[in-house]
Amino acid sequence: MKIIKMESGTDSAIFFFCSFFLHVLYIIMKLAATLINPIGLHKIALTLERLGSSCIICFTPDSIRFIWYQQYKPGIRSWINVDPHTLFSQYRVKSQDNDEVNLSVDLDNFVHATKAAQQADETKIDLAQRIQNGQREVLLIWRMQLESRAGNMTDARFDLHVNRLPGDRIRLVWDPPVLADPETYIIFPNLLAMKPIVDRMKSLSKYMTIAANMNGQLKLSVNTDMAQVDSVFSHLGNPRLEGHETNQHKDQFASVEVLTEDLANFLNCHNLEPRTIICVITEQSCLAFYVYVNLDVYSMPNEHHSLLMQRPETILTCHIPVYIP
């Protein structure tokens, strides 16, 4: 323990006040966990990184939400809801805000931290706060045990600067908005197979049309003064969506026009290796995707199989804005 000698009563009072202030903050906001699924967390980080520079992470006792949402800018909005025990063990979160800790995180630094954690034998994270140049800083600290080339274990630390967000503000974007009555919902093709097609279309036009019907058919189209390009997919399947019914004739297409770049960015969800993707279309109104992911396959092997079977499936929900000419 380092002993700090104070030269005056004033300095002692200031030191005591700052120490007490930080201690109180630590009590009312606590987050600590051991990372057991660094690969799964890194895949989430890579997926969100293509959408923007930062994201919101909401920690609660029962869930962890990763939210990409810009209130005053048009663009993709996405939500990932994860069972905490899919990513962490010894998970503890506590605050005076309904035991919720809501943070804004720089995605570039988040990707670097999760990448480094994949090389560690053990990674623990915890939330800390400090006064730096008179300003309070909130840090998400990653403490890692790494093996050196000589085979020795070394300790490493990565400080991720974050901003705490008030719960009343975050609850406005806590969950995806309820969709208008969808006219078509269809299984979307493999994202990696779609990527070269969409990249080609992006080079031709800023906008593209996505159309689908309830007979397993999906069409991607761009139309320019020079050419019209269509990609058609068949036999894709039309699953039932709980709470939604459609009266659409099975051969009738519902379509939307979107930015080609938005769809290209969504395709980066391939990093999550999704099991199923459902595309939902409301005519000239809404385009949404439900991406079903099994992150448990990347967990360390010390998890009990019975616990894995009880966990809810991880779902990424993505809303892509529709262009109305």
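The values are calculated or read from the model by the stated rules, or taken from the named source; none is laboratory data. For clarity, every value in this text was computed on a predicted model and none was experimentally measured. Here Cβ is always computed from backbone atoms with ideal geometry, including for glycine, and neighbour counts include all displayed protein chains. The accessibility values were calculated without ligands, DNA or RNA, using every heavy atom of the protein model including side chains. Shrake-Rupley method; radii C 1.70, N 1.55, O 1.52, S 1.80 Å.
Residue count for the range 35-56, restricted to those that are assigned to a strand (DSSP E or B), touching a residue at least 60 places away in the same chain (Cβ under 8 Å) and within 10 Å of the chain's Cα centre (by Cα): 1.
Considering only residues of the range 109-129 that are open to solvent by 20 Å² or more (accessible area, probe 1.4 Å) and either touching a helix residue (DSSP H, G or I) at 6+ places or on another chain (Cβ under 7 Å) or free of Cβ contacts under 8 Å to residues at least 40 places away in the same chain (or both), which is nearest to residue 87 (Cα to Cα)?
118
Selection over the range 252-301 of residues that are assigned to a loop (DSSP other than H, G, I, E, B) and surrounded by 18 or more Cβ atoms within 10 Å (Cβ to Cβ) gives a count of 3. Within the range 176-200, the residues that satisfy the criterion of being under 27 Å from residue 248 (Cα atoms) and either open to solvent by 70 Å² or more (accessible area, probe 1.4 Å) or among the small types (Gly, Ala, Ser) (or both) are 177, 178, 180, 181, 190.
Is it true that residue 22 is open to solvent by 20 Å² or more (accessible area, probe 1.4 Å), at pLDDT 50 or above and of a type outside the set (Asp, Glu)? For residue 22, the condition - open to solvent by 20 Å² or more (accessible area, probe 1.4 Å), at pLDDT 50 or above and of a type outside the set (Asp, Glu) - is not met. Which residue is farthest from residue 238 (Cα to Cα), if the candidates are limited to the range 203-226 and must be open to solvent by 20 Å² or more (accessible area, probe 1.4 Å) and either within 28 Å of the chain's Cα centre (by Cα) or among the charged types (D, E, K, R) (or both)? Out of the qualifying residues, it is 225.
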